[in-house]
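Step one of this worksheet: look at the structure below.
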Amino acid sequence: MEAALEVLRTIRLTGGIFLDAEFTAPWCVAAQVSPQDCSPFTPLTGGILAYHYVSAGRLLLRVGQGRPVVVPAGHIVVLPRNDPHVLSSGLDCPPVSVDHLIQPSDEGGPARIVHGGGGEATRLLCGFLHGETTGNPLIGSLPSVMTLDVAKGAAGLWIESSFRYAADALAAGEMRSPALLARLAELLFIEAVQRYLAGLPPEQRAWVGGLRNPFVSRALCCLHDHPEHHWTTEALARHVGLSRSAFAERFTELVGVPPMRYLVALRMQLAARQLRESPTPIVQVALEVGYESEASFSKAFKRIYGTPPATWRKGQQDASESIASS
């Protein structure tokens, strides 16, 4: 966990809140944070991470064709790779682009949206973080959607009260501290990542310790950037500038598994994400994660997840439909 914190600190995240939105049911919008959203607050120098804080009501969030995530009041939802997503009161109405609903602020504060059918109200603050996240193995390993109950955890009361203060100040037109909002958002993101990693089984988070070592960290970047490449232990060792034996020993000691076993696990995690969040054909998923045939991919997937890819995907879709209808 300390290694993850060190990596997050090196990203040098900054950001702010750019949108204050109020929706009334039924409502459904398609969204993605753009450089234009961020430009009034800070020039962009790296990748964008998006987040939404629900201060009242509830919403559903879906990335691609993935399972919808329920986000109640007092929760923040983080999108580490700023994937296009749909926010809604339910999944029974077509989304409209959020870009056409934004009302720019006249006083340099966040823009506003008031939209919906007049029913149950949901209030949220939309923000962003940005930093040098491209090629970062930690960011690449995170799920596309992370939720955080800001009232929980050691810093929960302070985080929740600070964010509620920001929400109230924005609503009253009194917030004049972008630096405070940026710092608060950074702390929230770090808290979300730490809680996510702490909730993983030990074997799935052991690799984080490898981020401390420059050779192993460089190898992890290679694997996360190009998991489809036909990597070998020898090729990775050459790339990072170590002998095969020295690299394999160091990687296994710090990550907990040999390089090629880690690569297989990484490919399966990425494949599961694709199967859950998109309608991409299984044969295409297989190619994108480095398998030359659907048969070899299905065999490897079943070994990890216990069922073939098609069966696993169907189970995820059934669970998603159950949540959406509840």
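Does at least one position in region 245-252 carry a residue that is on the phi > 0 side of the Ramachandran plot and either surrounded by fewer than 18 Cβ atoms within 10 Å (Cβ to Cβ) or within 25 Å of the chain's Cα centre (by Cα) (or both)? Among the residues of region 245-252, not one is on the phi > 0 side of the Ramachandran plot and either surrounded by fewer than 18 Cβ atoms within 10 Å (Cβ to Cβ) or within 25 Å of the chain's Cα centre (by Cα) (or both), which makes the answer no. In region 71-97, which residues are buried (at least 18 other Cβ atoms within 10 Å of the Cβ) and part of a strand (DSSP E or B)? Passing the criteria: 71, 75, 76, 77, 78, 79, 85, 86, 87, 88. Among the residues of region 165-187, is any in a helix (DSSP H, G or I), modelled with pLDDT of 75 or more and surrounded by fewer than 20 Cβ atoms within 10 Å (Cβ to Cβ)? Scanning region 165-187, I find at least one residue that is in a helix (DSSP H, G or I), modelled with pLDDT of 75 or more and surrounded by fewer than 20 Cβ atoms within 10 Å (Cβ to Cβ), so the answer is yes. Here residue 277 does not fit the description of being touching a residue at least 40 places away in the same chain (Cβ under 8 Å), within 29 Å of residue 62 (Cβ to Cβ), surrounded by fewer than 18 Cβ atoms within 10 Å (Cβ to Cβ) and of a type in the set (Asp, Glu). Once region 214-244 is narrowed to residues that are among the hydroxyl-bearing types (Ser, Thr, Tyr) and in a loop (DSSP other than H, G, I, E, B), the residue that is farthest from the chain's Cα centre (by Cα) is 243. With respect to the conditions (1) surrounded by fewer than 22 Cβ atoms within 10 Å (Cβ to Cβ); (2) among the aromatic types (Phe, Trp, Tyr); (3) at pLDDT 75 or above, residue 53 lacks only one, and its number is (1). Going by what's in this entry, would residue 216 be described as among the aliphatic types (A, V, I, L, M) and either over 29 Å from residue 315 (Cα atoms) or buried (at least 19 other Cβ atoms within 10 Å of the Cβ) (or both)? Yes.
Here region 56-66 is the region considered, the condition is being touching an Asp or Glu at 6+ places or on another chain (Cβ under 8 Å) and surrounded by fewer than 20 Cβ atoms within 10 Å (Cβ to Cβ), and the residue that is modelled with the lowest pLDDT is 65.
Taking the criterion of being β-branched (Val, Ile, Thr) and within 29 Å of residue 312 (Cα to Cα), the residues of region 49-75 that qualify are 63, 69, 70, 71. Summed over region 188-213, the residues that are in a helix (DSSP H, G or I) and either surrounded by fewer than 17 Cβ atoms within 10 Å (Cβ to Cβ) or within 18 Å of the chain's Cα centre (by Cα) (or both) give a count of 18. Could you list, in sequence order, the residues of region 130-150 that are of a type in the set (Val, Ile, Thr), in a loop (DSSP other than H, G, I, E, B) and at pLDDT below 80? Passing the criteria: 133, 134, 150.
When the residues of region 92-117 are filtered to those that are aliphatic (A, V, I, L, M) and over 21 Å from the mean Cα position of the chain (by Cα), the one that is modelled with the lowest pLDDT is 111. Can you confirm whether residue 31 is out of contact with any Ser or Thr (no Cβ under 7 Å at 6 or more places or on another chain), modelled with pLDDT of 80 or more and outside the structural domain of residue 277 (by TED's automatic domain parsing)? Considered against the rule, which asks whether it is out of contact with any Ser or Thr (no Cβ under 7 Å at 6 or more places or on another chain), modelled with pLDDT of 80 or more and outside the structural domain of residue 277 (by TED's automatic domain parsing), residue 31 comes out as yes.
The values are calculated or read from the model by the stated rules, or taken from the named source; none is laboratory data. Keep in mind it's a predicted model, so treat the numbers as computed, not measured. Glycine also receives a Cβ, built like all others from the backbone with ideal geometry; neighbour counts cover every protein chain displayed.
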